[in-house]
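A.B. asks: After the structure tokens below, expect a handful of questions from me.
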Amino acid sequence: MSVCESWGRYPVVQQQTHPVNWRDEQLNIAGFDSSVLPYGLGRSYGDVCLNDGGRLLCTRRMNRFMSFDSETGLLCCESGVSLAEILEFCVPRGWFLAVTPGTKHVTVGGAIANDVHGKNHHVAGTFGSHVTRFELLRSDGERMVCSPESKPLFFSATIGGMGLTGLITWAEIQLIPIKNPFFSVHTTKFGHLDEFFELSERFEQSHSYTVSWVDCLARGKHLGRGLFMAGNHAGEEAAGRKVPNRSGGIPVPVDFPEFALNGLTVRAFNTLYYNRQFRRESDTTVHYNPFFYPLDALQGWNRIYGKRGFLQYQCVVPHDDAAPIRGILERIARSGQGSFLAVLKVMGKVKSPGQMSFPKPGVTLALDFPIRGESTFQLFRELDDVVRGAGGRLYSAKDACMSAADYQAYYPQWENFSRFIDPAFSSSFWRRVMGTVEGVPS
Amino acid sequence: MSNVLIIGATSAIAQATARLLAERGDRFVLAGRGVERLQAIADDLKVRGARDVAVQDLDLNDFERHAGLIESAWQALSGIDTVLIAHGVLPDQTECQKDFGSAANAIQTNFTSAVSLLTLLANRFEEQKHGTIAVVSSVAGDRGRQSNYVYGSTKAAKSAFLSGLRGRLHKAGVAVITIKPGFVDTPMTAQFKKGLLWAQPEAIARGIVKAIDKKKNVVYLPGFWRCIMMIVKAVPESIFKKLSV
């Protein structure tokens, strides 16, 4: 039996596992005495992929390709296929994922269930926007092929549906054509938050991929300083470049002790990272791996946070004025608790097909926090106040803390969504945000 | 490009190996149980670059069908360059101690059926005068351990059979490869707690393809198992019998 945890390694729960290796398998739910939840590669951070006291349906071995049309770029595969496996297959054939999150070690099923987004959200929308259809296996044995035309309500409930509507056995996704595996990236160093918004506006027309790293410890006039990266798929000129050696990344072999990550090391990292680029602007051509997946180079990097695990906070707030995001950054900087990579991005207006999807127009901030007990939870509550007040919301795939009241306010459509939940499916996350179990003390 | 017959094609190790071979444009006959599952693998291999994939749905314990299987595979591919025999079961040791039936089942699946298939294949390959026969055995066959000796002895018998067959077919220019994986994280071992010594089937598959390409004799996968088993085999029986392994 394998141990399944979430990427943040918090909370720690007790659950059983049941492998699903073939798409023709029946779920045999009647033989289980508890609820089930699909589990892929466990890259969601909090408890959305956990099922305390229940069972996980582990789909990783259900990872076969089913068909690929090299003319149109339409790929059909089982839901346990990872994005890394898709890239390995499609990049040499001149195709790329239409949307990818910051790690390629997620399954297609997980990408749909969390309706993940990436650096091109402002032009391409979410992962779900490029899913043409999938099969949903329900606990009563019914199999339905869902698409915008057939079973559209189950289609929109399952995209971003957190694995609760049944088991996705396979999916068909649309890839996009590329000329080579490289990206032309323009990096601009910015000194404060206003500049970030200026850069976003300037580059989002000309560049398909934009993202910023911000120094979450800088305060005062430096508040919100960082590096703004704008990229496009490289043209013919990059074709002859050498592709870096493929490797699974350098493993982090042990859990780091708690003191390894302290105010000093984090401040040093942030300062060094900010100053890694001396000039204000630079242009580079990079392979897709370092561009999209810098952290995948460190296999099991979550162990740096030690046994206690960590939390990620990702919110989106409207940015008609910069006050909410400034307020959030100020509180984080003041607390001194933030960690390595804080990511800031202006999201686009492309509407997701998923009814419970996280992205909406506004600016999104994501960053990690080592768990320091009550002070961390207190900070999260303060941030929640700002997000709520601004009409923003939190991302379920990253969350381990939000209250039931907040969730239901962020996603008022939850009641309609819950009609599509499979009666045999549940998760630790869902029970928490429905208020049926205690979350963290508030 | 080679013509490949995979017996026990639904096993995790066989699937992972077939994927690597498919990327080279090989042609396949996949034999195993469950036509839908074989077809799912066939589709996967075709997407990855296999030139041609046919499936044969059969219970490998049905020995009478072995000759038909080999004949039709030979026809379908017009000659076979590589055979991978990968089917097997991991019986419950305590069950086997209580009931000879369980042990007999394991012997039949892991050893007797392989002997039946290899007898047919060996004669064909001897006549053809080229090709490679790769068979998945196990490190468990290197020494019987009290926790797992029924499984271990089926694999020991297989390894011994292959060693003899290798000598016989060597003269005909046919390679016989004994593959000895250590602990592999597959559906067969789903109930075990996994530790540091465990490998993924993809890693084993890379080793198998390398062994086929280089026509190796006996490979331990991952390679460190050769050292582990050297030590395990060196322990005197008077001590080994007292170890709870």
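The values are calculated or read from the model by the stated rules, or taken from the named source; none is laboratory data. On a predicted model such as this, the values are computed, not experimentally measured, just so you know. Cβ: placed from backbone, ideal geometry, glycine included. Neighbour counts: every protein chain shown. To get the accessible areas, we keep the full protein, side chains included, count just its heavy atoms, and leave off ligands, DNA and RNA. Shrake-Rupley method; radii C 1.70, N 1.55, O 1.52, S 1.80 Å.
A.B. asks: Are there any helices in chain A, counted as whole DSSP H runs, that stretch 20 Å or more along their axis by Cα and score at least 1.0 on average by Kyte-Doolittle, and if so which? Display every interim value, and only then the final one.
C.D. replies: Numbers: long enough: A:374-390 (24 Å, -0.29).
Once both thresholds are applied, nothing remains.
A.B. asks: Separate question: Taking all protein chains in place and a 1.4 Å probe, what share, in percent, of the accessible surface of chain A do carbon and sulfur account for? Each step should come with its number before you reach the end.
C.D. replies: Working: 9530 of 17670 Å².
C and S fraction of accessible area: 54 percent.
A.B. asks: With an 8 Å Cα cut-off and a minimum separation of 6 or more residues, compute the relative contact order for chain A in percent. Please list the in-between numbers first.
C.D. replies: On the way: 978 pairs, mean separation 84.6, N = 442.
It comes to 19 percent, rounded to a whole number.
A.B. asks: Let me ask something else about it. If I model a spin label at A:Gln174 and A:Glu382 as a point 7 Å from the Cα along the Cα→Cβ vector, what separation in nanometres do I get?
C.D. replies: Output for this residue pair reads 4.5 nm.
A.B. asks: Along the charge dipole of the protein assembly as shown, pointing to its positive end and built from +1/-1 on Cβ of Lys, Arg, Asp and Glu, which listed residue (A:Asn28, A:Pro412, A:Ala400) has its Cα farthest out?
C.D. replies: In the protein assembly as shown, that residue is A:Ala400.
A.B. asks: Could you work out how far helix B:149-170 tilts from the main Cα principal axis of chain B, as a 0 to 90 degree angle to the nearest 10?
C.D. replies: The answer is roughly 50 degrees.
A.B. asks: Hey, another quick one. Within a Cβ distance under 15 Å of A:Ser206, other residues only, what is the Lys/Arg minus Asp/Glu net charge? Working shown, then result.
C.D. replies: Working: positive: A:Lys119, A:Arg202; negative: A:Glu198, A:Glu201, A:Glu204, A:Glu281, A:Asp283.
Cβ neighbours under 15 Å give a net charge of -3.
A.B. asks: How large is ³J(HN,Hα) for each residue in segment A:123-139, as worked out from phi by the Karplus curve 6.51 cos²θ - 1.76 cosθ + 1.60 (θ = phi - 60°), to whole Hz, x for Gly and Pro?
C.D. replies: 10, 10, x, 9, 4, x, 5, 10, 8, 8, 6, 7, 9, 10, 9, 9, 5
A.B. asks: Please identify every one of the trypsin sites (Lys or Arg not before Pro) in segment B:75-166 that sits in a loop by DSSP and has no more than 13 other beta carbons within 10 Å of its own beta carbon. Walk me through the numbers on the way to the answer.
C.D. replies: On the way: sites: B:Lys98, B:Arg124, B:Lys129, B:Arg143, B:Arg145, B:Lys155, B:Lys158, B:Arg166; in loops: B:Lys129, B:Arg143, B:Arg145.
Sparse-neighbourhood loop trypsin sites (Lys or Arg not before Pro): B:Lys129.
A.B. asks: For segment A:126-182, count all C-alpha to C-alpha pairs, find those more than 16 Å apart, and express that count as a whole percent of the total. Don't skip to the end; give the middle numbers.
C.D. replies: On the way: 679 of 1596 pairs.
Taking all Cα-Cα pairs of segment A:126-182, the fraction more than 16 Å apart is 43 percent.
A.B. asks: Can I ask one more? Can you tell me what share of the DSSP beta bridges in the protein assembly as shown is antiparallel? A percent to the nearest 5 is fine.
C.D. replies: Working: 62 of 102 bridges.
Once the DSSP bridges in the protein assembly as shown are tallied, antiparallel ones form about 60 percent.
A.B. asks: Here's another thing I want to ask about it. To the nearest 20 debye, what is the magnitude of the charge dipole of segment A:182-400 about its Cα centre, counting +1 on the Cβ of each Lys and Arg and -1 on the Cβ of each Asp and Glu?
C.D. replies: On the way: 27 positive and 22 negative charges, 68 e Å.
That gives a dipole near 320 debye.
A.B. asks: Additional query: Kindly provide the GluC sites (Glu not before Pro) of segment A:1-101 that DSSP labels as loop, not H, G, I, E or B, and whose Cβ sees at most 12 other Cβ atoms within 10 Å. Spell out each step's value before the answer.
C.D. replies: Working: sites: A:Glu5, A:Glu25, A:Glu71, A:Glu78, A:Glu85, A:Glu88; in loops: A:Glu5, A:Glu25, A:Glu71.
Qualifying residues, ordered by number: A:Glu71.
A.B. asks: Let me ask something else. Going by a 1.4 Å probe on protein heavy atoms, which residues of segment B:38-63 end up with at least 50 Å² less accessible surface in the whole assembly than in their chain alone?
C.D. replies: B:Ala40, B:Val47, B:Arg48
A.B. asks: Still on this structure, I have one more. From the gyration tensor of the Cα coordinates in segment A:182-400, what semi-axes in whole Å does the equivalent ellipsoid have, largest first, with each one equal to sqrt(5λ)?
C.D. replies: Values: eigenvalues 143, 109, 64 Å².
Values for segment A:182-400, descending: 27, 23, 18 Å.
A.B. asks: Moving on to the next point. Take chain A, connect every pair of alpha-carbon atoms lying under 10 Å apart with a spring to form a Gaussian network, then pick out the residue of A:Gly54, A:Gly354, A:Gly300 with the largest mean-square fluctuation.
C.D. replies: A:Gly300
A.B. asks: Give me the net charge of B:Ala172's neighbourhood, meaning all other residues with Cβ under 12 Å from the Cβ of B:Ala172; Lys, Arg count +1, Asp, Glu -1.
C.D. replies: Numbers: positive: B:Arg124, B:Lys129, B:Arg166, B:Arg168, B:Lys171; negative: B:Glu126, B:Glu127.
So the environment of B:Ala172 carries a net charge of +3.
A.B. asks: Still on this structure, please answer the following. With unit charges on the beta carbon (Lys/Arg positive, Asp/Glu negative), name the residue among B:Gln56, B:Ala67, B:Val136 whose Cα is farthest towards the positive pole of the charge dipole of chain B.
C.D. replies: B:Val136
A.B. asks: State the Kirkwood hydrodynamic radius of segment A:61-124 in Å, one decimal place, computed from all pairs of distinct Cα atoms. Walk me through the numbers before you get to the answer.
C.D. replies: Values: mean 1/r = 0.0821 Å⁻¹.
Evaluated over segment A:61-124, this radius sits at 12.2 Å.
A.B. asks: At 222 nm, what value in deg cm²/dmol follows for chain A if DSSP H runs of at least 4 each add -39500 (n - 2.57) and the sum is divided by all its residues, to the nearest 500? Could you put the intermediate results ahead of the total?
C.D. replies: On the way: 12 runs with 100 residues, N = 442.
Only helices count here, giving -6000 deg cm²/dmol.
A.B. asks: Follow-up question, since we're still on this one. At a threshold of 8 angstrom on Cα-Cα distance, excluding pairs fewer than six apart, so keeping six or more, what relative contact order does chain B reach in percent? It would help to have the intermediate numbers written out before the result.
C.D. replies: Working: 432 pairs, mean separation 44.2, N = 245.
Value for chain B: 18 percent.
A.B. asks: Enumerate by residue number the GluC sites (Glu not before Pro) in segment A:96-204 meeting two conditions: DSSP loop (anything except H, G, I, E, B), and at most 11 other Cβ atoms within 10 Å of the site's Cβ.
C.D. replies: Working: sites: A:Glu135, A:Glu142, A:Glu149, A:Glu172, A:Glu195, A:Glu198, A:Glu201, A:Glu204; in loops: A:Glu142, A:Glu149, A:Glu204.
Of the GluC sites (Glu not before Pro), the ones in loops of segment A:96-204 whose Cβ has at most 11 other Cβ atoms within 10 Å are A:Glu142, A:Glu149.
A.B. asks: While we're looking at this one, here's another question. Dipole size in debye (nearest 20) for chain A around its Cα centre, Lys and Arg Cβ +1, Asp and Glu Cβ -1? Walk me through the numbers before you get to the answer.
C.D. replies: On the way: 45 positive and 43 negative charges, 187 e Å.
Using Cβ point charges on Lys, Arg, Asp and Glu, chain A gives about 900 debye.
A.B. asks: I've got another one for you. Where does helix B:12-22 land angle-wise versus the long Cα axis of chain B, in degrees 0 to 90, nearest 10?
C.D. replies: Between helix and principal axis, roughly 30 degrees.
A.B. asks: Where the only charges are on Cβ atoms (+1 Lys, Arg; -1 Asp, Glu), what is the dipole of segment A:222-310 about its Cα centre, to the nearest 20 debye? Write down the numbers at each step before the final one.
C.D. replies: On the way: 11 positive and 7 negative charges, 54 e Å.
For segment A:222-310, the charge dipole is close to 260 debye.
A.B. asks: If contacts are Cα pairs under 8 angstrom and at least 6 residues apart, what is the relative contact order of segment A:8-93 in percent? Kindly include the intermediate steps, with their values, before the conclusion.
C.D. replies: On the way: 127 pairs, mean separation 25.8, N = 86.
With pairs under 8 Å counted, the relative contact order is 30 percent.
A.B. asks: On a 0 to 90 degree scale, rounded to 10, what angle separates helix B:66-77 from the longest Cα axis of chain B?
C.D. replies: Relative to chain B, helix B:66-77 is tipped by roughly 40 degrees.
A.B. asks: Here's another thing I want to ask about it. Given axes a ≥ b ≥ c from the Cα gyration tensor, I'd like to know whether chain B is rounded (a/c under 1.5), prolate (a/b larger than b/c) or oblate. Mind showing how you got there, number by number?
C.D. replies: On the way: a/c = 1.56, a/b = 1.52, b/c = 1.02.
The shape class here is prolate.
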